[in-house]
Amino acid sequence: MGPRAVRPYLDQTQPDALRRALAVSAQAVGAVRSALPYDVSQLRRDGGYCVTIQYSESRQAVTEFAQAFSAEVSVAPVESRTGWSAIDAHTHINGVPVHAWTEIPTPGEGAETIGADR
């Protein structure tokens, strides 16, 4: 018996929503030149899909994403990791919610918001 072909899972109940989320993923990843993502996910949510992009310890990548899509970057301590900060940016691209994030080793307390122009 020969090797089995691996076929990607395609949600047949919402193929247009999934295709739109995949296209948005490609657009978002392509807009960031400073780093490649560690992970990109398309998840079912609220009758459609959302996209999550994780960068490996790259504040610059999340900031670049935010600038490209007019999002704000928020910074807050990671409760489960002393001395680490979570860097997040949320936006919608072509109607699809997108969240880019990373965690970086940075001591500090409280949360701050950085405008998309930084």
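The values are calculated or read from the model by the stated rules, or taken from the named source; none is laboratory data. Quick caveat, the model's predicted, so the values are computed rather than measured. Virtual Cβ from ideal backbone geometry, glycine too; neighbours counted across all protein chains shown. Accessible surface areas use protein heavy atoms only, side chains included; no ligands, DNA or RNA. Shrake-Rupley method; radii C 1.70, N 1.55, O 1.52, S 1.80 Å.
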*Just need the relative contact order of the range 15-66 here, percent rounded to a whole number, with Cα pairs under 8 Å and 6+ apart.*
37 percent
*asked:* Tell me the accessible surface of Asp46 in square angstrom (1.4 angstrom probe, heavy atoms of protein chains only), to the nearest ten.
replied: 140 Å²
*Percent of accessible area on the range 27-70 owned by carbon and sulfur, 1.4 Å probe?*
42 percent
*Each label point is 7 Å from the Cα along the Cα-to-Cβ direction; what then is the distance between the points at Asp16 and Gln60, in nm?*
4.1 nm
